[in-house]
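Take a look at the structure set out below.
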Amino acid sequence: MNPIKTDLLQGTLDLLILKTVALGPQHGYGISLRIQQISREALQVRQGSLYPALHRLERRGWIAAEWGDSENNRRAKFYKITRAGRRQLEVEETNWERLAIAIGQVLSTVEPGA
Amino acid sequence: MRDLFHVKQSERELDAELRFHVEQQTEAKIRAGMAPEEARRAALREFGGLQLAKEECRDEYPSQFLAQFWSDLCFGLRMLAKNRGFTAVAVLTLALGIGATTAIFSVVSSVLLRPLPYANAANLVLIQNTYSSATVANFPKVGLSPGDFFDWRGRVRELSDVAAYSTVSAGFNLTGMGDPQRVNAAYASSNLFSLLGVRFIAGRNFGPEDEQAGAARAIILSHRLWQSRFGGDPGSVGRIVDLDGAGYLITGVLPADFSLVRGADIWMGVSQFQDNLTSRVHHDFTTVARLKPGVTVAQAQQEMEALNQQALRDFPDTHKNFGVAVEQLQDPSAKSMRTPLMVLMGVVSFVLLIACANIVNLLLARNAARRRETALRAALGASRSRLVRQQLTESILLAFIGGIFGLALAWAGFQILGQLAPPELASVKEAGIHGWVLAFAFAVCFLSGIISGAVPAFRSVKTDLNSIFKKESKSSASGNSQRLQGVLVVSQIALALIPLISAGLLMRSFRRLMNVDPGFRTGHVLTMEATQPNLPFAVTSKMSAAQFLELSRHQASEFEQTAARIQCLPGVVRVSGVSVLPLASELRSASRFVIEGQPLPDAGARPVAQTRSVGLSYFAAMQIPLIQGRVFEQTDWTQTNAVINESMARRFWPKGDALGKRVNVCSLDPQPCWSSIIGVVGDVSQFNLDAAPTFDIYYSGGWPRYFVIRTDSDPAALASAATAEIHKSDSMLPVAQIETLDELLAASVAPRHFPMLLLTIFAVMALLLACVGVYGVMNYAVSQRTREIGVRMALGARQRDVLRMVLGRGARLTLAGIALGLAGAFAVTRLLGSLLYQVRPTDPVTFLGVPILFVLVALVACWIPARRAMRVDPMAALRTD
């Protein structure tokens, strides 16, 4: 499947990052790989907007950062989700589902005269 | 500073984090088979803007703000230092605008916003009597009569304390301490100073011990007299001084900020008031009171009205037509200065706006020149908000530098104009650069910086970055900014026109005022005050009418002898005297009168005349024309003859038969004092030139307070010789207030002259700034369109056509601005109100003349750019890009 480079809205990027990090602590590069992997290559995060998003989430207190060693023994900054972050993740997931249902309803209305 | 350390550390971390990412990506590509170099390039490309990402990460942390601000500041300073020409013009422009605004605000804050220096001034009220039929020009309200004051003081319930002071200041000769000096006294009830919460610098208030029999009469010194005459010595308390030959004990000294009665040098208790304290006739007691907590002014008003009604029933003859008014106590000079100061504040805000508009134009031009640099910085990763912030910091920096120069200008302005300010505006001199004024200046600088910098900053980041790097002609990018500049210039012209028209109106008003004939010739006349000490009230109250007349004759004879001696001095034409000089700034000597044979109106409805006591040749000395009858002779000293003025004669004897008729100026006293009219003289401006005409009654006899000396050369040169002659007859007589009639006239018009002067200065400033704006915009437009002009000339346009094109644009802008300005002026000039004298707010001469003047000046401003356009060499223009 061709990777569709979707220009993700800021809100949805936050949601994806939180979900990814909830699965386990990870550094920035790993997060972008994971998102790519899990979405089966459909989502490719623009790397230039990943890091500002990470820093923003960190400032908000939804993820916490810690320097550690990567798989190949390099210093890397690892992010893990916080308790507040978990709560925010629930809220965002609920909102996303509601949004999806609403859009689905709009799309499924039949055209007049059809 | 700690912030900066953290900044360095988080910078390193951010760098490391992103580097890690890129390296991981690179390695992944190498594993996939790419060459190392190519893998790294591909990884970087996939990442997108590395610097941009860093920038955006940094933006997430507002604590970086301080470090960014500091670097913005340094950058801004460097840029300003590089473009010295631009910086100089911008700083000068802002200095004018900010300096003018700060200076006027300083005066406003010291005159209008200063709280009264009394304890809890908010619940202090002023109680006055009002005339229900306004037959007197100049003052609608007067003080209470002593009888009412003492009566009501005990009966009020809504007021916690009631005190009074007299508006009739008596004068005394202070002797026995070097040169004799004339001092003015005011009278205070014993609780006045305690009610106002005045803290004595030395000594104490009047007390019951001062009113005991045999106690020396007590006085309280004003701060000014204490400093000037007693050297500021705290030991003055307890000293006995000689006033009019009698001894008085100094019991206290007032603080420096106490100026309830500005001219009062000393204060005495009302027990020494030289009049009948039970009288309900003369309204001499200005009454101040304190509201009880929770009581409003309206409630106090109701109570006073009830008391007044009671007094009306008890004393119908004296109280008819008098009402009572209670109002918040205010600084009197604040009321009179409010309108001119508000107008000036409006004008300097216009000046500031015009200055800011000039800065906007300057910045727009400069940003156009720096377009490529801005685009480059954006490409290298600076975010839009960061660029805007940088530019705003720079313009705020400009504003503060301009502000510092502006404060210096304001300070210099105070020194110069302080000389010209009239003495009533003494509080103007106290205005300075301190406290609130500095805070205001700070706020103005900040706002000016933002107003000037906002639009150019936002515009500079709006442009499409790509197009800048292509070799594109400049005109397309600047087309929009030309429109903005045009709009700015039109507004500047409109904003400058309104103050100019106002200044024109004020100038015409002043001219009309100066054309008013005061009724006498002012040139070459010297006046000086030399008053005989008053006999104590205890003596004069026991004198019969005949004794009084004899005393008056004796004093008049002495005066004429002294006057004759002065007249013998070289250069003197005529000498005489008067009890109150014309062009007085306040009411001094007036009384109600009735006319024999005409129906008797009620006390409050009786007309008021200004009474003056004059020397024999007063009318000749002042060159006041005699219209009917004759002037005074020595025989009039033993009779009660009077000379009246033309307005009074015409009003009451329209058939012209005033001579021989009698008037009674003591109509409210038990015994009448009839005087026969022996002459009618021309009207004289007893108060300001713009005051309504008064009724004047002149008497002869007594020693008039002021000498009037007409010379044929410089009057000031005779001052010391005349003083010597006066001292020959009485060496203890203090001679003071030596000034010429011309100076007196200048002082009386100063309250109109000074605001007009200031307004004109600021209006001219606005005009100059607006014309600089016109010049700048036209110049810039010409330089931007050099190629276009070259093309036109190459295609056959002559120099004249180019000139017409440039001037045409200038004319369009100017006319649009003038139209807008005229509309604004129509709406606004009515606010000038009382400042105008016999000039309509929509005076056609001014509304026509000022725009014509403006067009001429704007034409000059457009001339230089127009010539530049004419001189464009088509070949050179087409070659450049």
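None of the figures in this text is laboratory data; all of them are computed from the coordinates on show. Computed from a predicted model, the values in this text were never measured in an experiment. Reconstructed Cβ throughout: ideal geometry from the backbone, glycine too, with neighbour counts over all protein chains shown.
Brief remarks follow.
- Subset of B:Lys292/B:Lys320; A:Lys19/B:Lys29; B:Lys82/B:Lys462; A:Lys77/B:Lys8 violating a 19 Å alpha-carbon distance limit: B:Lys292/B:Lys320; A:Lys19/B:Lys29; B:Lys82/B:Lys462
- Exposure proxy shown here: for B:Tyr165, B:Tyr187, the number of other Cβ atoms within 10 Å sets the order, fewest to most, as B:Tyr165, B:Tyr187.
- For the residues of A:45-57, the average number of beta carbons from a partner chain within 10 Å of their own beta carbon is 6.
- Relative to one another, the C-alpha centroids of the range B:688-725 and the range B:770-845 are positioned 54 Å apart.
- Exposure proxy ranking, count of Cβ atoms within 10 Å, fewest first, for A:Val106, B:Val850, B:Val839: A:Val106, B:Val839, B:Val850
- On Cα atoms only, tilt of B:545-567 relative to the major axis of chain B in degrees: 60 degrees
- Between B:Met875 and B:Arg78, the FRET efficiency estimated from the beta carbon spacing at R0 = 35 angstrom works out to 0.35.
- Peptide packing for A:61-73, B:558-570 was compared via the average number of neighbouring C-beta atoms within 10 Å per residue; ordered from the highest value, the list is B:558-570, A:61-73.
- Debye, to nearest 20: dipole size of the range B:121-330, +1 on Lys, Arg Cβ, -1 on Asp, Glu Cβ: 300 debye
- Think of chain B as having a plus end and a minus end, set by charges on the Cβ of Lys, Arg, Asp and Glu; of B:Ser579, B:Leu116, B:Ala306, B:Leu116 sits farthest toward the positive end of this dipole.
- Listed values for the range B:631-646 are Karplus-derived 3J(HN,Hα) couplings in whole Hz (6.51 cos²θ - 1.76 cosθ + 1.60, θ = phi - 60°), namely 8, 6, 10, 4, 5, 6, 5, 9, 10, 9, 9, 9, 10, 10, 9, 4, and x replaces Gly and Pro.
- Around B:Pro293: net Lys/Arg minus Asp/Glu count, Cβ-Cβ under 13 Å: 0
- Dipole of the protein assembly as shown, positive end: most advanced residue of B:Met875, B:Leu341, B:Ala378 [Cβ charges, Cα centre]: B:Met875
- Sequence-ordered 3J(HN,Hα) estimates for the range B:704-714 from the Karplus curve with 6.51, -1.76 and 1.60 and θ = phi - 60° stand at x, 6, 10, 8, 10, 10, 8, 10, 10, 9, 6 Hz, glycine and proline given as x.
- Unpartnered cysteines - no second Cys beta carbon under 4.7 Å - across the protein assembly as shown: B:Cys57, B:Cys74, B:Cys356, B:Cys445, B:Cys568, B:Cys771, B:Cys862
- Per residue of peptide B:18-25, the mean number of Cβ atoms on other chains within 10 Å of the residue Cβ is 6.
- With contributions of -39500 (n - 2.57) from each DSSP H run of at least four residues, the per-residue ellipticity at 222 nm computed over chain B stands at -18000 deg cm²/dmol.
- The protein assembly as shown, dipole about Cα centre (Lys/Arg Cβ +1, Asp/Glu Cβ -1), debye to the nearest 20: 4700 debye
- Rg/Rh for the range B:532-733 (Cα atoms only, Rh after Kirkwood) is 0.97.
- Note on B:44-56: average number of Cβ atoms from other chains within 10 Å of each residue's Cβ is 3.
- Highest mean first, the peptides B:220-232, B:629-641, B:69-81 sorted by other C-beta atoms within 10 Å per residue fall in the order B:220-232, B:629-641, B:69-81.
- Near B:Ile697, the amide H atoms lying under 5 Å from its own belong to B:Gln610, B:Thr611, B:Arg612; only residues 5 or more places off or on other chains count, and H is placed 1.01 Å from N.
- Ordering B:Ile678, A:Ile17, B:Ile852 from the fewest to the most neighbouring beta carbons within 10 Å gives B:Ile852, B:Ile678, A:Ile17.
- Relative to the longest principal axis of the Cα atoms of chain B, the long axis of helix B:332-369 makes an angle of roughly 20 degrees.
- Tilt relative to chain B, helix B:65-82 - C-alpha long axis, 0 to 90 degrees, to 10: 90 degrees
- Selection among B:Val525, B:Ala621, B:Leu856 by position relative to the dipole of the protein assembly as shown gives B:Leu856 as farthest towards the positive end (Cβ unit charges, Cα centre).
- Note, ³J(HN,Hα) from phi for the range B:504-517, Karplus 6.51, -1.76, 1.60, rounded to Hz, x at Gly and Pro: x, 4, 5, 5, 5, 4, 5, 4, 4, 4, 5, 7, 5, 7
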